[in-house]
Structure formats: structure tokens, C-alpha cells
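The values are calculated or read from the model by the stated rules, or taken from the named source; none is laboratory data. Keep in mind that what you see is a predicted model, and the values were worked out from it rather than measured. Note: ideal-geometry Cβ built from the backbone for every residue, glycine included; neighbour counts use all protein chains shown. Surface areas here come from the heavy atoms of the whole protein model, side chains and all, with no ligands, DNA or RNA. Shrake-Rupley method; radii C 1.70, N 1.55, O 1.52, S 1.80 Å.
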Amino acid sequence: MAASTESINGNANLLIEIAGFLQEGRPDAELTTMAREPRAHGDVAEQVARFAGFAGDQYLDAVALFAALSTRLRTTGSDFVKIEDDTAQHFLDSLLHYGQYVAPEAR
């Protein structure tokens, strides 16, 4: 399985962009004013307020989740680059240490 840092970073950018779009389109708390007393029955007003609170919490959790996933993916991408660099360095060190020069006419 192969991964590319461009893909990892691109996906991290998409996740933070989604979090940003969610934040821009955040629910308007004033929408529940139409369901308050005396415009609505007390029980209805209470349930609407309860639902609005729950929806607001879920919304904030979703924004935080996308932002956290983006951060974690970006960290993973950085670690991937470091591992990839370490692997390449190990290969080059091995090549220099154990490699032998063979002249073209001797092959």
C-alpha cells in the first residue's frame, strides 16, 4: 500500500474546510423564538428548546471532530514524510556502505 503526502495533506485540508463550512452555516439560535410562549404551547416550547440545545451540542461536536481529524491527518502526513526520509536515508547509507563499483566493461 502506498500513500502520498500530497493526498494526505489534501485530505487534511478538505476536513478543515468542511469544519469551516459547518462553522459558517451554524444553526441560528433565534430560530427557536417562534416556538416560545405565548406563540406556542409551553410543552412545545420546552421540547423545541430541548431539541435546539441537543442539536447545538451535536453541531459543535461535528465541527470539533472535523477539525481534530484534520489535525491528526496532518500530523500523520508529517510523520509519514519523516519515516519516508528515514527509509531513504537508510537505503542510501546501506548502498554506500555495502555497494561495490563495477566498471561498465566488467559487467
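Using protein chains only and a probe of 1.4 angstrom, how many square angstrom of F66 are accessible, to the nearest 10?
60 Å²
Please give the net charge around A45, taking every other residue with its beta carbon less than 13 angstrom from that of A45, where Lys and Arg add +1 and Asp and Glu add -1.
Once all neighbours under 13 Å are counted, the net charge is 0.
Heads up, I need the accessible area for L31: 1.4 angstrom probe, whole protein in place, Å², nearest 10.
Rounded to the nearest 10, that gives 130 Å².
Carbon-plus-sulfur fraction of the accessible area of segment 3-80, 1.4 Å probe, in percent?
About 61 percent, which is the carbon plus sulfur part of the accessible surface.
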